[in-house]
Amino acid sequence: MLKPLRLFCIAVIALAVARSHAQITAPEARIRFNLENVFFPQACEALVGNTDLNLLAELHLVHEPFATVRIQNKPVGDALLVVAALFQREVIPAGRTMVMRSPRWAYRRVLDRQTVEQGSMRWSPEGRLEVKVQKLPAGMMRLDVHAYGVSVSRLVQELTKQTGWGVQVEKHLQNLRVFARWRGASPSEILEALTVLLNGAQEVVIRRSEEAKRQEEEQIAQMQDRRPPHEKGTETLLPELLKLLTPEELAQYERGERVEISTKRIPTELFPQVMEYAAGYLHWLRSLISSEEAKPPADLLTEANEFFLVLPYPPYNRTIGIRAYDRSFNGFWSF
């Protein structure tokens, strides 16, 4: 069973899905080649040649003709249609990928499978497969893929290995052979093309890998160390302040209502901790504000005869707030 290496697990399941065949937009690039008595994958190889064409094509074992292909300075899109006609394929655009399959794909697959089971014909050994991955920021990636006569099972296993996307394909589709070439494709583009080829649907299960979990835990630990002083201070100061509440105030606090405590009610032994908390909060707040006019005065707490500690009242506030009177403008600062 395939094991996802990263966040994604996608199962491609064969379901009957009606798809409209969009018109092919031919790239400006033009190609030429002459091939005598070649089979379909050889023609596909010549098509992709030195172009940027992304192509996914299904190969067949039975009734697969060979043909002479002559392309004389044609746009890539026109050449694609010529090859499709010679080898009895339809062309279906899937994003930036052109998908080629038989119009009678379901019948052809059954015929191939029965022929192999009866032993009258067998597939040749699997061909070459190359997958190169370019890692991009934020976990994104781009892939270059070249598959020649490769089973769908082998292709998706290599994609899983290289990208971490866990891809599972319905059992009776795993032995289908394909030709594929992508340049600079995202994993989602490749999976979209495979889904179109297989006439399937995608089921997406997003999971975090062990590596992703570890990264998140490290980030949380780092942020815990970088928390503002008032967040850390609330954890130690709040239990002491709750002891000072009257029964009525405690009931208000438990209902999530706003409760204030004047510094005049703070016991002598707790007062240094309160001042350290309030001064640290004020200093942190002033450091965030660039305009001097918008900052609370540096001596706000020492100039006031008293200030008030506002107990947390989730979800509006989860830390102990400060409300202090400023004589210079005859009003209160609250933070």
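No value in this document is a laboratory result; all are computed from the given coordinates. Treat the numbers as computed from the prediction; the structure is a model and nothing was measured. Glycine also receives a Cβ, built like all others from the backbone with ideal geometry; neighbour counts cover every protein chain displayed.
Short version: what are the Cα gyration tensor semi-axes of the stretch 63-199, square root of 5 times each eigenvalue, largest first, in whole Å?
Rounded to whole Å, the semi-axes are 26, 21, 13.
Under 5 Å between amide hydrogens, which residues at least 5 positions from Met141 or on another chain qualify, with H placed 1.01 Å from N in the peptide plane?
Excluding prolines and chain starts, which carry no amide H, the hits are Leu136.
Sort Ile71, Ile322, Ile220 by Cβ crowding within 10 Å, fewest neighbours at the top.
Listing Ile71, Ile322, Ile220 from fewest to most nearby Cβ atoms yields Ile220, Ile71, Ile322.
Rounded to two decimal places and with Rh computed the Kirkwood way over Cα pairs, what is Rg over Rh for the chain?
Rg/Rh for the chain comes to 1.32.
Please turn the phi angles of the stretch 158-169 into ³J(HN,Hα) values with the Karplus equation 6.51 cos²θ - 1.76 cosθ + 1.60 (θ = phi - 60°), one per residue in order, whole Hz, x for glycine and proline.
5, 4, 4, 4, 7, 10, x, 7, x, 10, 10, 10
Using the structure shown, select from Lys135/Lys171; Lys161/Lys213; Lys243/Lys264 the pairs with a Cα to Cα distance greater than 24 angstrom.
Table pairs above 24 Å Cα-Cα are Lys135/Lys171.
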